[in-house]
Amino acid sequence: MKFLTNDKIKLDYQDSGSGQPVILVEGFGGYQEVWQAQVEYLLEMNCRVITYDHRNQGKSQRTDKNLTIEQLVNDLASLIDYLQIKKPILIGHSMGASICYAYLSKYRNVKTVMAIDQSPKMLNGQDWQYGFEDITQENFKAKVTTPNGIHETLHGLDSRISFDLNKVKANYPFDRDKDLPLLFDHIQKDWRDTVLNTKVPINLVVAKESPYFNYRFAQLMSEKNPCISQVVIDDCGHDIMAEVPDIFNQTLRHFIFQSKRKK
């Protein structure tokens, strides 16, 4: 299915089930098919499940327009308005988690948030050593322009997800170079104040062996705000929900039950 954003870009989305709405927000270069195991699981939990592809990703329209985090937040807001969703649970992976943080900074209609393996600040510096790999304000453009070949997963994606995901990747390839403006914008954001001051419950799910982030940032954030909780998952890389879906879904189950109790 398709809907139009506020700047007239067609985005592909799927909307299934009924009950508590849960929106799954993919990361940079992602595809909504990566959530396959979570969609099925959430439907069994009597949730309404919405997935979508960002502009220039998956089956959504390709464009040079508005490749910024602010616009991707506008896109999410447009989808929520279009589907007339009230008090959604937002679950974001990687850059998708940053979009959830950014959405929280602008809107108050969120029930709870789960952020999967995403530091609230990507750049490392004297006051923050939990950013993406070893990038800093001075070197990030050079570092990320050419991918370094690091594997996102520890053991590869679960075969139940990778089969369908690889098919859609082949049919709708992602042009990383075209989306570097978005990546540069994402990298320069700092959502620490938003996260630390939120009254919306946030669950930080981190991979102990993440190739990108020091997982200890989650404990640091949770110690500073009682609305923040953390879950550390062992023996997997960055794509937690697609590498170890059965283990991740147990964390998801607890999170959804806790969220449903919130008014």
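Structural remarks
- Pair-distance profile P(r), taking every C-alpha pair of the chain, with 10 angstrom steps and integer %: 7, 32, 40, 19, 1
- Only beta bridges with both residues in the chain are counted; by DSSP, about 25 percent of them are antiparallel.
- Residue-normalised accessible area of the stretch 159-263, expressed per residue, 1.4 Å probe, Å²: 52 Å²
- Filter on LYS86/LYS262; LYS106/LYS178; LYS121/LYS260; LYS2/LYS178 - keep pairs with C-alpha separation over 25 Å: LYS106/LYS178; LYS121/LYS260
- From phi via Karplus (6.51, -1.76, 1.60), per-residue ³J(HN,Hα) for the stretch 118-133 in Hz, x at Gly/Pro: 8, 5, x, 9, 7, 7, 7, x, 4, 9, 7, 10, 10, x, 6, 6
- Where labels lie 7 Å past Cα in the beta-carbon direction, separation of LYS199 and GLU223 in nm: 2.6 nm
- For the chain, a Gaussian network of Cα nodes joined below 10 Å ranks THR251, THR68, THR145 by mean-square fluctuation, and the top entry is THR145.
- Positive-end extreme of charge dipole, the stretch 55-214 - chosen from THR63, GLY125, PRO147 (charges on Cβ): THR63
- Accessible area in the full protein assembly, largest first, 1.4 Å probe, for ASP7, ASP164, ASP235: ASP235, ASP164, ASP7
- Per-selection metrics, the stretch 125-194 (Cα): Rg and Dmax in Å: 15.5, 43
- Across the chain, the longest piece that holds none of the GluC sites (Glu not before Pro) lying in DSSP loops with up to 11 other C-beta atoms within 10 Å covers 1-137.
- Dipole size of the chain about its Cα centre, with +1 on Lys/Arg Cβ and -1 on Asp/Glu Cβ: approximately 1160 debye, rounded to the nearest 20.
- Ordering MET1, MET45 by accessible surface, largest first, gives MET1, MET45; the 1.4 Å probe counts only protein heavy atoms, with every chain in place.
- Taking a quarter of the surface of the Cα convex hull of the stretch 136-234 gives a mean projected area of 8.4 nm².
- Sum of -39500 (n - 2.57) over DSSP H runs of 4+, divided by residues of the chain (222 nm, nearest 500): -10500 deg cm²/dmol
- Anisotropy class of the stretch 12-111 from Cα gyration tensor, a/c 1.5 cut: oblate
- Long-range amide H partners of ASN203 with built H, under 5 Å: VAL113, MET114, ALA115, SER229
The values are calculated or read from the model by the stated rules, or taken from the named source; none is laboratory data. Since the model is a prediction, treat every value here as computed from it, not as a measurement. Cβ atoms come from the backbone with ideal geometry, glycine included; neighbour counts cover every protein chain shown. With ligands, DNA and RNA removed, areas are computed over all heavy atoms of the protein, side chains included. Shrake-Rupley method; radii C 1.70, N 1.55, O 1.52, S 1.80 Å.
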